[in-house]
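The structure under discussion appears below in the form of structure tokens.
The values are calculated or read from the model by the stated rules, or taken from the named source; none is laboratory data. Small disclaimer: the values here were computed from a predicted structure and weren't measured. No Cβ is skipped: glycine too gets one built from the backbone with ideal geometry, and neighbour counts run over all protein chains shown.
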Amino acid sequence: MLKSGGPCDKAIGAMAIAAKTGDQYATYQVAKEGEEACGQASTAIQDLQVPSGLSNEAASAVEKGIKTCSSAYVFRQMGMQKAMQVADGDGKPSVVSDMVDNLKTGQTGVMLCVAELFEASSKVGVDTKLMK
């Protein structure tokens, strides 16, 4: 599931590197690509279906994980939108604050998503030691 987020995750790191160079054009381009990748990740995750045949408890846990993962990537997408604004010259404190908040919320959401997916996996009997 989190493989869907790979391009978004990579873009977050690339955007941070580009921003450190001070090259606004490069930062904007990376943020633009990341905004699209994060939006696609959120949609791909949201479109996942809970496997049939699970217990109600396990199905609920999987559904919760899917929602958390999808939301995390929406926050990352919003953070990239704000990064585009900043790179485009709108460096107002409110815009920068929103960017940072969205990216932090997205990162926290991804960590929570992983934890919820591990919990859901254990409810269906998957050996979580085998998960990568």
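Take Gly109 and tell me if it is loosely packed, with under 14 Cβ neighbours inside 10 Å and either part of a helix (DSSP H, G or I) or at pLDDT below 95 (or both).
Judged against the criteria, Gly109 is not a match.
Restricting the search to segment 13-24, which residues are without any contact (Cβ under 8 Å) to a residue 40 or more places away in the chain and part of a helix (DSSP H, G or I)? Let's see the steps before the verdict.
Restricting attention to segment 13-24, the residues satisfying the condition of being without any contact (Cβ under 8 Å) to a residue 40 or more places away in the chain are 13-14, 16-18, 20-23.
If the condition is that a residue be without any contact (Cβ under 8 Å) to a residue 40 or more places away in the chain and part of a helix (DSSP H, G or I), then Gly13, Ala14, Ala16, Ile17, Ala18, Lys20, Thr21 are the ones that fit.
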Item checked: Complete set of residues in segment 38-58 that are under 20 Å from Gly109 (Cα atoms) and surrounded by fewer than 18 Cβ atoms within 10 Å (Cβ to Cβ) -> Gln40, Thr43, Ala44, Gln46, Asp47, Leu48, Gln49, Val50
Next item on the list: Please state which one of Lys104, Lys64, Lys82 is part of a helix (DSSP H, G or I), closer than 18 Å to Val124 by Cβ and of a type in the set (Lys, Arg).
Entry: Lys64
Notebook entry, point to check: Is there a residue being over 15 Å from the mean Cα position of the chain (by Cα) and part of a helix (DSSP H, G or I) anywhere in segment 49-56?
Noted result: yes
Margin query: Checking the structure you have, find out if any residue of segment 35-44 is closer than 13 Å to Lys82 by Cα, touching a residue at least 12 places away in the same chain (Cβ under 8 Å), small (Gly, Ala, Ser) and assigned to a helix (DSSP H, G or I).
Written below: no
Notebook entry, point to check: Regarding Ser94, is this residue surrounded by fewer than 20 Cβ atoms within 10 Å (Cβ to Cβ), at pLDDT below 95 and either touching a strand residue (DSSP E or B) at 6+ places or on another chain (Cβ under 8 Å) or among the polar types (S, T, N, Q) (or both)?
Noted result: no
